[in-house]
Amino acid sequence: MIRILVDADACPVKDEIYRVAERHAAPVAIVANSAFRVPVTPMVERVVVSESFDAADDWIAERAGPATIVITADILLADRCLKAGATVIAPTGKPFTTSSIGSAIATRAIMADLRAGGDVVGGPAPFSKNDRSRFLGALDAALVKLKRAG
C-alpha cells in the first residue's frame, strides 16, 4: 500500500497533503518532535518522536521504501529515503531524484562552509503560491505513478 511520510517540522503544505492523500485514499504519517494537530481521520497518523537530534528523520528513513512518498526539505533525509527506493518531494514541489541529490548535497556543504567562514549568504526564497501549486501537482503525479506501478 502506498503511504505518505511527512517531515512535519516547518512543513508549509500539510493541508495540501491531507487533501491529495484523501482523494487517493493514501495513508499519511505526520512525523515531528512535538505534538501538533492533525485531522481526525483514520487516514492520518500523528507520530511524535523523541527530541533527540534526527529522531524524526530516522523514523521516516527506517520506513521509507518503494511504496512511500516522503515529503521533506531536508536534503540528507531525502538522500537516505532515495537510497531506500522512496519517491521524495520537497514542499516546493521539487522532486529529489537519484540523479539530482548529489549536487544538492554538494551545494548544501558549500553553503555550510561559507556560513561557517562568516560569509553572509541568503537562505531559501520565501514560500510562494507557485510553490504550493507545483507541490500539489507533484504529489498528485507521484501518487498516480505509484498506483500504476503497483
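The values are calculated or read from the model by the stated rules, or taken from the named source; none is laboratory data. The structure displayed is predicted, hence computed values, not measured ones. Neighbour counts are summed over all protein chains in view; Cβ atoms, including those assigned to glycine, are modelled from backbone coordinates with ideal geometry. Heavy atoms of the whole protein, side chains included, go into the accessibility calculation; ligands, DNA and RNA do not. Shrake-Rupley method; radii C 1.70, N 1.55, O 1.52, S 1.80 Å.
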Screening Glu22, Glu62 for residues that are among the acidic types (Asp, Glu), at pLDDT 95 or above and within 17 Å of the chain's Cα centre (by Cα) leaves only Glu62
Counting only strands (runs of 3 or more DSSP E) entirely within region 1-88, those with at least 3 residues that are of a type in the set (Val, Ile, Thr) and under 23 Å from Leu136 (Cβ atoms) are 28-32, 68-71
Filter region 37-51 for residues that are open to solvent by 40 Å² or more (accessible area, probe 1.4 Å) and of a type in the set (A, V, I, L, M, F, W, C); the one that is nearest to Asp7 (Cα to Cα) is Val48
Restricted to region 93-117 and to residues being at pLDDT 75 or above and in a loop (DSSP other than H, G, I, E, B), the residue nearest to Leu139 (Cα to Cα) is Gly93
Picking from Asp9, Asp54, the residue that is under 11 Å from the mean Cα position of the chain (by Cα) and open to solvent by 20 Å² or more (accessible area, probe 1.4 Å) would be Asp9
Scanning region 12-23 for residues that are surrounded by fewer than 19 Cβ atoms within 10 Å (Cβ to Cβ) and farther than 18 Å from Ala73 by Cα gives Arg19, Glu22, Arg23
Every listed condition ((1) in contact with a helix residue (DSSP H, G or I) (Cβ under 8 Å, 6 or more places away or on another chain); (2) without any contact (Cβ under 8 Å) to a residue 40 or more places away in the chain; (3) among the small types (Gly, Ala, Ser); (4) more than 26 Å from Pro126 (Cα to Cα)) holds for Ala32 save (4)
If we ask which residues in region 60-106 are open to solvent by less than 30 Å² (accessible area, probe 1.4 Å) and not charged (D, E, K, R), their number turns out to be 22
